[in-house]
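Report on the structure given below.
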Amino acid sequence: MAVREGLLALLDAGPRVGHQLKTGFEAATGGVWPLNVGQVYTTLDRLERDGLVATAEADGQRTYSITDAGTAALGAWWEAVGGDDPPPRDELMLKVLMALDRGPDHALAVVTAQRTALLALLQRRRRDQRGRATDPAVGGEALAAVLVDDALVLRAEADLRWLDQCEARVLQARR
Amino acid sequence: MTVTDTLAPPEPVPPVDAIRFLDVAKTYGSGDNAVTALAGVTLTVAAGEMVAIMGPSGCGKSTLLHLAGGLEDPTSGTVVVGGRPVSAMTPSQRATMRRRDVGYVFQRLNLVPSLTALENVMLPLELDGIPTRDARDQAREALSAMGLDRLDRYPDDFSGGQQQRIAIARATTGTRRLVLADEPTGALDTANGDQVIELLAALPARGAAVVLVTHEPRFASWADRVVFLRDGRVVDQSEADDGGRR
C-alpha cells in the first residue's frame, strides 16, 4: 500500500479536509505510519492531477472528495492480491541464502543468531501482552493497534518456523 | 526491647537451583552403532524460572528431560536435582524424588482412564503415603487452580485441553517444585495450547521451576529463557532482555 491508496480509502467514506486525512490515516494504520502534512498535500495534488480526487473550497478550507475514477482505482486495489512470482526480496531470507553460499557452518551460525534475536523479540512482545489486559470488545483505534501487534507476533513466529526449517535442511544436506 | 530486636538480621537466602546439568553427555548404543544424544550440556534452571528447550528432531531435547527426571542416567557428567546429584541416589531415593519432587506433563496425557479427575491427581500423593483426606484436599486445590470443576468425572468426559490441565494439576500437587513438560501442547489446538502454556508459565511465580520442551516458538516465547540445542549441545540462549522477571 502507498499513501495514495490509504487516502482514497478514507475519502471513500466521505469528503475530508487535509488534516482530517492525516489524523485519519495514522489512526487507521494503528500508529505504525506517521505522516507529515506535506506528504498528505503532495499526494492529494497528484491524486487530483490524475483525476482520482476532486477539490472544493468552502469557508476558506479546501475539501477533498473521491471521484468515480478514484472509486474504481480503490476497488481495483482492494481486490489486488500480492503475488509471489518472483518471490519478494525478503531481508531475512536473502541473508540466510547469502550465508549458505559461504558454507553450511556459516549458514547455521547465521540461522542461530537470527533465531535467538527473533525469539528474544517474541519473548518481549509476549511479556508486554501479558502485562496488559485484553478487552475482547476492543474497537476502533485500539483494535487497529492490537491487530498490528498480532501481525508482528505471528510474522515473527512464521520467520522462526522458517529458520527451524532452514536448520533442519542444512543439517540434512551436511550429513 | 523485644527478643526479636536482639536477633541478627536474617542472612539473605541464595536462589536455589531446581536443576543443574554439569557437562552432561548421553550416548545410546556402542561402537559403530553409538548415537550421541547429548555431548556435554551445562545448564542451570533456577527455582521460579521457566526455561524452554528448542532444537531440531534428535537434538537431545527429550533426553535432557529423561535425565532431569532420573528416568535415565547420563553416560558422563552430573545431573543435580534440588541440590542432590541424581547418580548418588539409591533406586529408592530416586523413586521418591520422582514421586515427590518432580512433576511430568507429556504430549500424551497419561491419565488413568478408570479414575476420576480427582482420583488421578490424588494417586501420586497417596502413593507417597499422604492420608486420603489430605490428598483429596490437595488434589482439589490443584484442580481448582487449573480452573476445573465437577471433578468426579472421568478423563474421557473432559476435552483435550481440560485433560492436559488435569495432568498439570497432577504434576504440581504436593511438594513438587520441578515440572518437566515434553511437548505438552502437541495434541492441542492453538487456543487450548495457549491456555496450557499460560498455566505452566504461572507456576514459577509460585516457586516452581518449569522445563518445557517444545518446537513451537509461540509457546517457547512464554519462557524466561529459551535454550537452543543442536547435535546434543547448547548452541545459544535467548532471554527477553528487559532486565526483569515477571
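Before moving on, here are some points about what is shown:
- Applying the condition of being assigned to a strand (DSSP E or B) and within 7 Å of another protein chain (Cβ to nearest Cβ) to region B:195-229 and asking which residue is nearest to A:A168 (Cα to Cα) yields B:F228.
- Criterion violated by A:G70 - all others in (1) under 25 Å from A:D149 (Cα atoms); (2) in contact (Cβ under 8 Å) with a residue 60 or more places away in the chain satisfied: (1)
- Any hit, region B:131-138, residues being among the basic types (K, R), free of Cβ contacts under 8 Å to residues at least 24 places away in the same chain and over 25 Å from B:A95 (Cβ atoms): no
- Residues of region B:141-167 satisfying the condition of being more than 20 Å from the chain's Cα centre (by Cα) and open to solvent by 70 Å² or more (accessible area, probe 1.4 Å): B:D149, B:R150, B:D152, B:Y154, B:D156, B:D157
- Residue in region A:73-94 that is away from chain B (no Cβ under 14 Å), under 27 Å from A:A9 (Cβ atoms) and crowded, with 18+ Cβ neighbours inside 10 Å present: yes
- Residue in region A:150-170 that is nearest to A:A113 (Cα to Cα), counting only those that are at the interface with another protein chain (Cβ under 9 Å from one of its Cβ atoms) and open to solvent by 80 Å² or more (accessible area, probe 1.4 Å): A:R161
- In region A:105-130, the residues that are facing chain B (nearest Cβ under 7 Å) reach residues that are of a type outside the set (D, E) and surrounded by fewer than 17 Cβ atoms within 10 Å (Cβ to Cβ) with C-beta atoms within less than 8 angstrom, at least six apart or across chains, in these pairs: A:T116/B:Q237; A:R127/B:R246.
- In summary, B:D182 fulfils each of the numbered conditions (1) surrounded by fewer than 21 Cβ atoms within 10 Å (Cβ to Cβ); (2) in contact (Cβ under 8 Å) with a residue 60 or more places away in the chain with the single exception of condition (1).
- Pick from region B:23-56, criterion in a loop (DSSP other than H, G, I, E, B) and in contact (Cβ under 8 Å) with a residue 12 or more places away in the chain, ranking: surrounded by the most Cβ atoms within 10 Å (Cβ to Cβ): B:G55
- Residues that are of a type outside the set (A, V, I, L, M, F, W, C), under 21 Å from B:P204 (Cβ atoms) and assigned to a helix (DSSP H, G or I) within region B:162-178 comprise B:Q164, B:R165, B:R170, B:T172, listed in sequence order.
- Out of B:G70, B:G60, sole residue that is in contact with a strand residue (DSSP E or B) (Cβ under 8 Å, 6 or more places away or on another chain), open to solvent by less than 20 Å² (accessible area, probe 1.4 Å), at pLDDT below 95 and within 14 Å of chain A (Cβ to nearest Cβ): B:G60
- Meets criteria (acidic (D, E), more than 13 Å from chain A (Cβ to nearest Cβ) and not in a loop (DSSP other than H, G, I, E, B)) for B:D149: no
- Taken together, B:T190, B:T173 contain a single residue that is crowded, with 21+ Cβ neighbours inside 10 Å, at pLDDT below 90 and not acidic (D, E), which is B:T173.
- Among the candidates A:A173, A:A137, the residue that is modelled with pLDDT under 85, away from chain B (no Cβ under 12 Å), farther than 17 Å from B:T214 by Cα and open to solvent by 50 Å² or more (accessible area, probe 1.4 Å) is uniquely A:A137.
The values are calculated or read from the model by the stated rules, or taken from the named source; none is laboratory data. Source: prediction; values computed, not measured. Positions of Cβ are backbone-derived with ideal geometry, glycine not excepted, and every protein chain shown enters the neighbour counts. Heavy atoms of the whole protein, side chains included, go into the accessibility calculation; ligands, DNA and RNA do not. Shrake-Rupley method; radii C 1.70, N 1.55, O 1.52, S 1.80 Å.
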